[in-house]
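K.L.:
If you scroll down you'll find the structure; I have some questions about it.
Values quoted throughout were computed directly from the atomic coordinates according to the rules given, and no laboratory measurement underlies them. A quick note: this is a predicted structure, and the numbers were derived from the prediction, not measured. Glycine gets a Cβ as well: all are built from the backbone with ideal geometry, and neighbour counts include every protein chain shown.
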Amino acid sequence: AQKVIFDTDPGQDDAVAILTALASPEALDVLGIVTVAGNIPLDLTTTNALKLVELAGRTEVPIHSGCEKPFGRSLVTAEHVHGVSGLDGPDLPAPQVPPRSQHGVDFLVETIRAHAPGSIRLLCLGPLTNVALAIAKAPDIAGRLQDIVLMGGGSFEGGNITPTAEFNIYVDPEAASAVFRSGAAITVLPLDVTHFMRSTRERIAAFAGLGNRAGEAVAAMLTFSERFDVEKYGWEGAPLHDPCVTAYVLAPQIFKGRSVNVEVETSSALCRGMTVVDYWGVTDRPKNAVWVRSGDADAFFALLTERIGRLP
Ligand code: BDR
Ligand code: CA
């Protein structure tokens, strides 16, 4: 199985991404889950990650807390989207197993160095604070990873927290910029694709109809996320962002993208956190990422539903 580490701020959509991976042990060996402050403060993202491994019956997967805020900025959160717990919707029991004591950033560095070069994929679902700090401390890990697959940014679809910025990149633009410049192989699942992966009533009903605890929890999470996004966008169903990362790793053929240069705006107040994507190759800036632009939503939801159906 492919070795992966999650860096995440769960979040209902992070939760579905993580559960999908935990349901796929033949394909993915989840070495650990590192939490970061983002959708909600760090103590809650850590609690939520612990609840998820318990829901999946996978408490052997270690949870490590990372950074509680960006280095150069105050933390921006998104309770208006995810609820005060960050995981509003299902009624999940308080976790029984505590997080590990090692700091998440040290876990990243140590784990990536302990495995063969090119053998780990780092799956990033939140602000890139931990990842940037790990690379700053240990620049060799950028080249030791197989790649980084991240949800963040937008180009054709614009932004979701400001007209030009997507939340994960907006929260810590300096971190994102450092990651894009690190030399790591990077694939980005931006709003350009996630906006088209929408949790319609029918798709939510399919999770609810699985008849297991995880399916019921996922349906409750997506029903909760809908209430905000459906009103905001006027679409049938809400975009499901972070699970695109797991789906991309499990079934890359569902998606289409191309190699581009991506730079992150850090100095402008108006465009803070904007991902400037040279999709048409109008500059000679080096290509530093694969930018995914489209995907097959039916295949995506079919994959997620089948995987969630395997859980307790
Ligand atoms: C991203 O921001 C968070 O609210 C979601 O979990 C996702 O990672 C979407 O912009
Ligand atoms: Ca997230």
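K.L.:
Report, in whole Å, the centroid distance computed from the Cα atoms of the stretch 46-106 and the stretch 256-293.
P.N.:
Cα centroid of the stretch 46-106 versus Cα centroid of the stretch 256-293: 30 Å apart.
K.L.:
Please give the per residue volume of the convex hull enclosing the alpha carbon atoms of the stretch 39-174, rounded to a whole number of Å³.
P.N.:
Value for the stretch 39-174: 133 Å³ per residue.
K.L.:
Still on this structure, please answer the following. Suppose every K and R has +1 on its Cβ and every D and E has -1 on its Cβ; what is the size of the dipole of the stretch 205-244 about the Cα centre, in Debye to the nearest 20?
P.N.:
Computed charge dipole of the stretch 205-244: roughly 100 debye.
K.L.:
So, one more: What does the charge count around Gly273 come to, taking other residues whose C-beta lies under 14 Å from its C-beta (Lys +1, Arg +1, Asp -1, Glu -1)?
P.N.:
Neighbour charge sum, excluding Gly273 itself: -3.
K.L.:
How much length is gained on full extension from Lys256 to Thr59, taking 0.36 nm per residue of separation minus their Cα-Cα distance?
P.N.:
Full extension from Lys256 to Thr59 adds 67.5 nm.
K.L.:
Moving on. Taking 7 Å along the Cα-to-C-beta vector as the label spot, tell me the Arg201-Glu26 distance in nanometres, rounded to one decimal.
P.N.:
Distance between the two pseudo-spin positions: 3.5 nm.
K.L.:
Please sort through the DSSP H helices of the chain and keep those with an alpha-carbon extent of at least 24 Å along the long axis and a Kyte-Doolittle average not below -0.5.
P.N.:
Helices meeting the criterion: 213-233.
K.L.:
Any chance you could count the Lys pairs in the chain whose alpha carbons are under 28 Å apart, treating pairs 8 or more apart or on different chains as valid?
P.N.:
Final tally of qualifying lysine pairs is 11.
K.L.:
Label points 7 Å out from Cα along the Cβ direction at Arg213 and Ala299: separation in nm?
P.N.:
Here the answer is 3.4 nm between the modelled labels.
K.L.:
Among DSSP bridges having both ends in the chain, what percentage is antiparallel? Round to the nearest 5.
P.N.:
Percent antiparallel among DSSP bridges in the chain is about 30.
K.L.:
Taking a temperature of 20 °C and a viscosity of 1.002 mPa s, what whole-number D in µm²/s does Stokes-Einstein yield for the stretch 128-202 with Rh from Kirkwood over alpha carbon pairs?
P.N.:
162
K.L.:
Ok, one more. Please give me the summed charge of the neighbours of Gly215: other residues whose Cβ is under 13 Å from its Cβ, Lys and Arg +1, Asp and Glu -1.
P.N.:
Within the 13 Å Cβ shell, the charges total +2.
K.L.:
Just order 202-210, 281-289 by mean Cβ neighbour count inside 10 Å, highest at the front, would you?
P.N.:
Taking the mean over residues of other Cβ atoms within 10 Å, the ranking is 202-210, 281-289.
K.L.:
Hey, another quick one. Provide the gained length on full extension for the span Lys232 to Gln96, in nm with one decimal, where the gain is 0.36 nm per separating residue minus the Cα-Cα distance.
P.N.:
Residue separation times 0.36 nm, minus the Cα-Cα distance, leaves 45.3 nm.
K.L.:
I've got another one for you. Size of the stretch 168-312 along its principal axes in angstrom, Cα-based, largest extent first?
P.N.:
Each principal axis gives a Cα extent; for the stretch 168-312 these are 52, 32, 25 Å.
K.L.:
What size of dipole, in debye to the nearest 20, comes out for the chain about its Cα centre when the only charges are +1 on Lys and Arg C-beta atoms and -1 on Asp and Glu C-beta atoms?
P.N.:
500
K.L.:
How would the chain be classified by its alpha-carbon gyration tensor: rounded, prolate or oblate, with rounded meaning a/c under 1.5 and the a/b versus b/c comparison settling the rest? Display every interim value, and only then the final one.
P.N.:
Values: a/c = 1.39, a/b = 1.16, b/c = 1.20.
Because its axes are fairly even, with a/c under 1.5, the chain counts as rounded.
K.L.:
According to the square roots a ≥ b ≥ c of the eigenvalues of the Cα gyration tensor, what is the shape class of the stretch 81-134, taking rounded for a/c under 1.5, prolate for a/b larger than b/c otherwise, and oblate for the remainder?
P.N.:
Because a/c hits 1.5 or more and a/b exceeds b/c, the stretch 81-134 counts as prolate.
K.L.:
How many angstrom separate the Cα center of the stretch 15-32 from the Cα center of the stretch 178-195?
P.N.:
20
K.L.:
Projecting each Cα onto the charge dipole of the stretch 1-127 (Lys/Arg +1, Asp/Glu -1 at the beta carbon, about the Cα centre), which of Leu19, Asn48, Ala37 comes out farthest on the positive side?
P.N.:
Ala37
K.L.:
In percent, how large is the relative contact order of the chain, given Cα pairs closer than 8 Å and 6 or more residues apart?
P.N.:
After rounding, I find 20 percent.
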